[in-house]
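The values are calculated or read from the model by the stated rules, or taken from the named source; none is laboratory data. Worth saying up front: this structure is predicted, and the values here are computed from it rather than measured. Here the Cβ is made from the backbone with ideal geometry for all residues, glycine too, and neighbour counts use every protein chain on show.
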Amino acid sequence: MEKVEMYDHTKTERERQEEEIATIKERNITVKLSDADCERLMSKCGEHGLSAGELIAYFVGDLVDGTYSNGSDERDLANRWFERCWFAMYPENTLLSHLLDWGYKPEDYLDAIDNIEKAKKDKKYIEEHPEEADGEEPDWIDDDIAYWEEELKYMTRDWKPAKESDMDKEIGLIKQWVKEREELLKEEKEDRERKVEGQEHQDKADKEEQPDDNIYVHRNGRKR
């Protein structure tokens, strides 16, 4: 399995930024703060004509060298702040951090585990109901299990945790991260699905309005 590149290097910086700008929208992030800190935050925002959301967005942009940034000095200071905090100075070498650091998609790791579990269930069912199995099907399932197990080994081959790992805990952290990421991008995904659904309805309507096939020659498509 290949590592996932963060950016498409065939695009210019301007093209990449324009694509990112097109996705800017309100996001829902839950933050735990005391009442006093909320008052302090709103006072600071009000004094400078900002909303709390705008202030957070500006800071995030500097911290991650984002779609918008306030400048190189601001990016440097934001990262120096982050690196001096305890969570950056003494990070735990989790499986999640390893996958992200090496450019793998954590959801691919979970998919591999799910595929193995499903394949093992299929194998057990075939063993209990041999009359329903294709002659070569058990071998195919064994090959699939071996393939996905090799994928898991490949993604973790350079992971060296400081202590013996609790894999249930490690997988739980990955699931939590994937869920939070999906929730953060949920609206964007729903927008894409709505656009696809709308296009499908339009294509269907266009097709229904077309004259008889004997008059027009249509391009053949291959079914998948």
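Here is how the numbers come out for the structure above:
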item	result
Residue count for segment 113-146, restricted to those that are part of a loop (DSSP other than H, G, I, E, B) and either exposed (fewer than 15 other Cβ atoms within 10 Å of the Cβ) or in contact (Cβ under 8 Å) with a residue 60 or more places away in the chain (or both)	4
Close pairs from segment 90-112: first at negative phi, partner of a type in the set (K, R) and modelled with pLDDT under 95, Cβ under 7 Å, at least 6 apart	W102/K3; Y104/K3
Meets criteria (among the hydrophobic types (A, V, I, L, M, F, W, C), at pLDDT 95 or above and farther than 28 Å from L173 by Cα) for A52	yes
Failed criterion for L184 (all others in (1) out of contact with any Lys or Arg (no Cβ under 9 Å at 6 or more places or on another chain); (2) surrounded by 10 or more Cβ atoms within 10 Å (Cβ to Cβ); (3) at pLDDT 85 or above hold)	(1)
Count of residues meeting criterion [more than 20 Å from R181 (Cα to Cα), surrounded by 13 or more Cβ atoms within 10 Å (Cβ to Cβ) and within 31 Å of the chain's Cα centre (by Cα)] in segment 38-57	4
Looking only at segment 16-37, and only at residues there that are part of a helix (DSSP H, G or I) and loosely packed, with under 11 Cβ neighbours inside 10 Å, the one that is modelled with the lowest pLDDT	I21
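For (1) at pLDDT 95 or above; (2) surrounded by 10 or more Cβ atoms within 10 Å (Cβ to Cβ), each residue gets a yes or a no:
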{"position": "W148", "(1), (2)": "yes, yes"}
{"position": "M155", "(1), (2)": "yes, yes"}
{"position": "K160", "(1), (2)": "no, no"}
{"position": "S165", "(1), (2)": "no, yes"}
{"position": "G172", "(1), (2)": "yes, yes"}
{"position": "K179", "(1), (2)": "yes, yes"}
{"position": "R194", "(1), (2)": "no, yes"}
{"position": "Q199", "(1), (2)": "no, yes"}
